[in-house]
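S.K.: Have a look at the structure that comes next, please.
The values are calculated or read from the model by the stated rules, or taken from the named source; none is laboratory data. It should be emphasised that the depicted structure is a prediction, and the values quoted were computed from it without experimental measurement. Glycine gets a Cβ as well: all are built from the backbone with ideal geometry, and neighbour counts include every protein chain shown.
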Amino acid sequence: MGESHGGGTIDDSAEELYEMAPCGYLSSTINGQIVKVNRTLTEWLGYSREELTSGKRFADLLTVGGRIFYETHFSLLLRMQNAVDEIALDFVCKDGRVLPALINARQKRDAGGQPVLNRFTVFNASERRLYERQLVATRDLLRTTLASIGDGVVTTDCDGLITFMNPVAESLCGHNNDAAVGKHINEVLVLAHETTGHAVENPALIALRDGAIVGLANHTVLVSSDDRRIPIDDSAAPIRDEAGQVIGSVLVFRDVSAQRAAEKALRDAHEKLGARAEELRRSNDDLSQFAYVASHDLRSPLNTILQFTQLLEQRYGAAGEGKELLDFVTSAATRMRTLIDDLLSYATASSTPVQAPVPIDANAQLTKALENLRSQIDEAGAVVTQDPLPSVAISETSLGQIFQNLIGNAIAYRSEAPPRIHVSVAEQGDMWLFSCRDNGIGIAPEYLTKVFAAFRRLHGSERPGSGIGLAVCKKLIERHGGTIWVESILGKGSTFYFTLRNGL
Amino acid sequence: MSVVQRRHNINIVGHGSKTILFAHGYGCDQAMWRFLVPAFENDYRIVLFDYVGAGKSDLSAYSRQKYGTLSGYADDVLEIVDEVGAPVIFAGHSVSSMIGVLAAIKRPDAFEKLVLLGPSPCYINDNEYVGGFGRSDIEGLLKTLDENHLGWSRAMAPVIMKNESRPELAEELAESFCRTDPEIAKHFARVTFLSDNRADLPLLTTPALILQCSDDSIAPDSVGEFVHRHLRGSSFVKLEASGHCPHLSGPEETARSIKEFLSRRG
């Protein structure tokens, strides 16, 4: 038959097909000696047909590593099974180039079953091998990555059967990858609730069912094969194919034992601290109560002493040594009454409950305080100036007392110069920042915090006062949610700052 | 079934007062003796086994440390010999011939005779010594192994085992007797081709037969002759059979040579 044109059939002879096929054909004896080869293969390899069929063996055309594989695997498989398919081997061409190939082989047998001929088909696999090596490199990278990360990773197919576990997952579950693959995830990853111990649905299965990412779950423990209970954080996501169909899931989890232990320690410490604070508050209250009762009860016998001292003076005349002695008694008793009054106000400051105060005008309270201090101010020749003051959330008596104590303090600790005292205010968020600046003797840095402690007097009896005024201020301010502190330059003066809520 | 039997998938066939232990070489399993066994069945008790890692052996018994040297394999051979009853005639192919030599040096009483098919004490060229290969050639083999897992798929195997509706699928895979865990295959390749047992040869006292193939590119003539020179009193037969597997390429000739050797006294 010849070629027929115009839409008829085109004949291709078997001979030409053999020679020009898009793959290499090679036949050898059982011992491997090449007896026949097609033109395609001779062209690929660069050898002439004569060079190949004059004693060369099939294995001689391969790389050395390939030749070992041929002798230890390929030829045996061919002899035992008659057929070997899809073996990747590299040919070495005449010019030294390497031709990656995929080889199929068949063994022809005679009627008695004895092998007579080996037939090989050689496919050029240059591109494919390159692609396979990239694939292997990618797989190795993925494997190394999954082996290196600190989280457990488990993947499943769409039925929830495990397809992969990384080493961290293996050690947390106590199952190895080989044994776990093919098992249902519920058999390998047993999850329970931290406190109830009830079974928890595996997030991987939820991800499969809902087709959505399942976020971190708390309070989950992993029950390992040796019955350890490991607290874990886990999350899962569905794996989708290109068409968006869910084909599996990936579960990522991590051991949070250390984190849980730290959280618990923190909680315990917090609870302990709370208990301590409560204890402290109670003992403070008790102390204030005691101070209040004690000072209250001390007042009446003291008043009796003062009254009877006056009576003595009136009745038995006031002259000479007797008068002097009575003056001592009166002065000591008066000082004691001041002390007791201050103590009482300190105790009251801490025991009076804070009621939600109506905002009050600070200007009025400052004025009242200055009136109370009139005699001291006049005596010291002090000048007190002020900024316009706002309204603040504090009880009237408290703010009056604060001003009185701070200004009284500034006068008491004045320097040689006449006292100059200025009260100002600045807004700070929802707080007012008050300051009371003086030109007094100042406070050494090491005493800046100590001045607020009760009965702490830096100058003994050479200055008036009981050493309780600043402690009362501190207590009143703190009870109203503010703070008080002092900045000072020794010899130049001090500025007391305190904050109070703006009352809006 | 004993631990050793299960570990090595030991099969015993044939009848006779003497036992031949056939030890397969690198790359396959006991099935490679298929064409040789019939020639001995009527006169000998024949023990076939798979090394750990090969064929239907217990893969879980594989230890990279134990099988990091041929000595680890020799210890297994001795356990198998004790299991089936010493002394035995040992026939080993390729790397197994060296494993047999090591085992017989450790326990001379356990072996009556050794038959070494295509032995090589060292595959790597070393100064004057020509083993046939350089180290880079072995790397090339490892690369080829990486590209040919011969139907072995970690992910597929358990799935196929479970596929009860198509049992022929599992059978088909089981039939592929070169099928080995790729990691084990590569490790065994390294241990085999990078071993050097030249210094052990003079220590052997058991009578040995060296069967040298024609055109063996794995263990060429010069290597077989080296073994013959260093094994005292050994016999050497050059076979017509070509390639590295005379028991496959020329089973009748191979059987004849072995029988002739076994019939000799001492």
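S.K.: If a residue has to be more than 14 Å from every other protein chain (Cβ to nearest Cβ), crowded, with 18+ Cβ neighbours inside 10 Å and among the polar types (S, T, N, Q) to count, how many in the range A:145-173 make the cut?
M.R.: So the answer is 1.
S.K.: Separate question: Is there a residue being in contact with a helix residue (DSSP H, G or I) (Cβ under 9 Å, 6 or more places away or on another chain) and within 14 Å of another protein chain (Cβ to nearest Cβ) anywhere in the range B:107-119?
M.R.: Yes, because at least one residue in the range B:107-119 is in contact with a helix residue (DSSP H, G or I) (Cβ under 9 Å, 6 or more places away or on another chain) and within 14 Å of another protein chain (Cβ to nearest Cβ).
S.K.: Inside the range A:212-266, can you point out the residues that are assigned to a loop (DSSP other than H, G, I, E, B) and free of Cβ contacts under 8 Å to residues at least 40 places away in the same chain?
M.R.: Listed by number, the residues that qualify are A:ALA212, A:ILE213, A:ASP227, A:ASP241, A:GLU242, A:ALA243, A:GLY244, A:GLN245, A:VAL256.
S.K.: Sticking with this one: Got a sec? Which strands (runs of 3 or more DSSP E) wholly within the range A:400-504 have at least 2 residues that are under 30 Å from A:LEU287 (Cβ atoms) and modelled with pLDDT of 90 or more?
M.R.: Counting at least 2 such residues, we get A:431-437, A:484-489, A:493-501.
S.K.: Do you know which residues across the range A:174-210 are more than 14 Å from chain B (Cβ to nearest Cβ), free of Cβ contacts under 8 Å to residues at least 40 places away in the same chain and in contact with a Gly (Cβ under 9 Å, 6 or more places away or on another chain)?
M.R.: A:ASN186
S.K.: Hey, among the residues in the range B:49-102 that are of a type in the set (Val, Ile, Thr) and part of a loop (DSSP other than H, G, I, E, B), which one's farthest from B:GLY16 (Cα to Cα)?
M.R.: So the residue we want is B:THR69.
S.K.: Filter the range B:76-93 for residues that are more than 14 Å from every other protein chain (Cβ to nearest Cβ) and either surrounded by fewer than 19 Cβ atoms within 10 Å (Cβ to Cβ) or under 12 Å from the mean Cα position of the chain (by Cα) (or both) and give the result.
M.R.: B:VAL77, B:LEU78, B:GLU79, B:ASP82, B:GLU83, B:VAL84, B:GLY85, B:ALA86, B:PRO87, B:PHE90, B:ALA91, B:GLY92
S.K.: What tally of residues in the range B:103-122 results from selecting those that are surrounded by fewer than 24 Cβ atoms within 10 Å (Cβ to Cβ), of a type outside the set (Val, Ile, Thr) and in contact (Cβ under 8 Å) with a residue 40 or more places away in the chain?
M.R.: Total satisfying the criteria: 5.
S.K.: Right, another one. Return the total of residues in the range B:14-35 being of a type in the set (Ser, Thr, Tyr) and outside any loop (DSSP other than H, G, I, E, B).
M.R.: Matching residues across the range B:14-35 total 1.
S.K.: Report, by residue number, each residue of the range B:191-216 that is surrounded by fewer than 21 Cβ atoms within 10 Å (Cβ to Cβ), modelled with pLDDT of 90 or more and within 12 Å of chain A (Cβ to nearest Cβ).
M.R.: Once the filter is applied, which keeps residues that are surrounded by fewer than 21 Cβ atoms within 10 Å (Cβ to Cβ), modelled with pLDDT of 90 or more and within 12 Å of chain A (Cβ to nearest Cβ), the range B:191-216 yields only B:SER214.
S.K.: Got at least one residue in the range A:37-55 being closer than 16 Å to A:LEU117 by Cβ and part of a strand (DSSP E or B)?
M.R.: Scanning the range A:37-55, I find at least one residue that is closer than 16 Å to A:LEU117 by Cβ and part of a strand (DSSP E or B), so the answer is yes.
S.K.: Against the definition (modelled with pLDDT of 95 or more and not acidic (Asp, Glu)), how does A:THR121 come out, yes or no?
M.R.: yes
S.K.: Would you mind listing the helices (runs of 4 or more DSSP H) fully within the range B:220-266 where at least 3 residues are within 14 Å of chain A (Cβ to nearest Cβ) and closer than 21 Å to A:LEU76 by Cα?
M.R.: Those helices (runs of 4 or more DSSP H) span B:246-249, B:251-263.
S.K.: Another one. Can you report the number of residues in the range B:20-60 which are within 13 Å of chain A (Cβ to nearest Cβ), surrounded by 21 or more Cβ atoms within 10 Å (Cβ to Cβ) and either free of Cβ contacts under 8 Å to residues at least 40 places away in the same chain or out of contact with any strand residue (DSSP E or B) (no Cβ under 8 Å at 6 or more places or on another chain) (or both)?
M.R.: Residues meeting the conditions: 7.
S.K.: Give the residue that is farthest from the chain's Cα centre (by Cα), with candidates limited to residues of the range B:120-151 that are facing chain A (nearest Cβ under 9 Å) and among the β-branched types (Val, Ile, Thr).
M.R.: B:THR144
S.K.: Working only within the range A:193-205, note down all residues that are more than 12 Å from A:THR156 (Cβ to Cβ) and modelled with pLDDT of 90 or more.
M.R.: None - no residue of the range A:193-205 is more than 12 Å from A:THR156 (Cβ to Cβ) and modelled with pLDDT of 90 or more, so the list stays empty.
S.K.: Determine whether B:ALA31 is at pLDDT below 95 and over 20 Å from B:LYS186 (Cα atoms).
M.R.: yes
S.K.: Here is a follow-up. Are any residues in the range A:244-253 surrounded by fewer than 19 Cβ atoms within 10 Å (Cβ to Cβ) and at pLDDT 90 or above, and if so, which ones?
M.R.: The answer is A:GLN245, A:VAL246, A:ILE247, A:VAL250.
S.K.: For the range A:301-386, give me every one of the helices (runs of 4 or more DSSP H) that falls completely inside it and has 2 or more residues that are at pLDDT 90 or above and over 19 Å from A:ALA412 (Cβ atoms).
M.R.: It comes to A:362-372.
S.K.: Tell me which residues, restricted to the range B:91-109, are under 10 Å from B:SER120 (Cα atoms) and of a type in the set (A, V, I, L, M).
M.R.: The answer is B:VAL95, B:MET98.
S.K.: Within the range A:206-235, which residues are surrounded by 21 or more Cβ atoms within 10 Å (Cβ to Cβ) and touching a Phe, Trp or Tyr at 6+ places or on another chain (Cβ under 9 Å)?
M.R.: Residues satisfying the conditions are A:LEU222, A:ILE232, A:ASP234.
S.K.: Could you list, in sequence order, all residues of the range A:92-104 that are part of a strand (DSSP E or B), hydrophobic (A, V, I, L, M, F, W, C) and farther than 18 Å from B:LEU145 by Cβ?
M.R.: Listed by number, the residues that qualify are A:VAL92, A:LEU99.
S.K.: Which of (1) surrounded by 22 or more Cβ atoms within 10 Å (Cβ to Cβ); (2) of a type in the set (Gly, Ala, Ser); (3) away from chain A (no Cβ under 14 Å) does B:SER96 not meet, given it meets every other one?
M.R.: Failing condition for B:SER96: (3).
S.K.: Something else: Within the range A:82-106, which residues are closer than 21 Å to A:ILE30 by Cβ and within 7 Å of chain B (Cβ to nearest Cβ)?
M.R.: Matches in the range A:82-106: A:ILE87, A:LEU89.
S.K.: Within the range A:182-201, restricting attention to residues that are surrounded by fewer than 16 Cβ atoms within 10 Å (Cβ to Cβ) and not in a loop (DSSP other than H, G, I, E, B), which residue is nearest to the chain's Cα centre (by Cα)?
M.R.: A:HIS193
S.K.: On to the next question. State all residues of the range A:108-144 that are outside any helix (DSSP H, G or I) and either of a type in the set (Phe, Trp, Tyr) or in contact (Cβ under 8 Å) with a residue 40 or more places away in the chain (or both); if no residue qualifies, say none.
M.R.: Within the range A:108-144, A:PRO115, A:VAL116, A:LEU117, A:ASN118, A:ARG119, A:PHE120, A:THR121, A:VAL122, A:PHE123, A:ASN124 qualify.
S.K.: Select from the range A:70-81 the residues that are polar (S, T, N, Q) and buried (at least 24 other Cβ atoms within 10 Å of the Cβ) and write down the one among them that is farthest from the other protein chains (Cβ to nearest Cβ).
M.R.: Among them, the one singled out is A:SER75.
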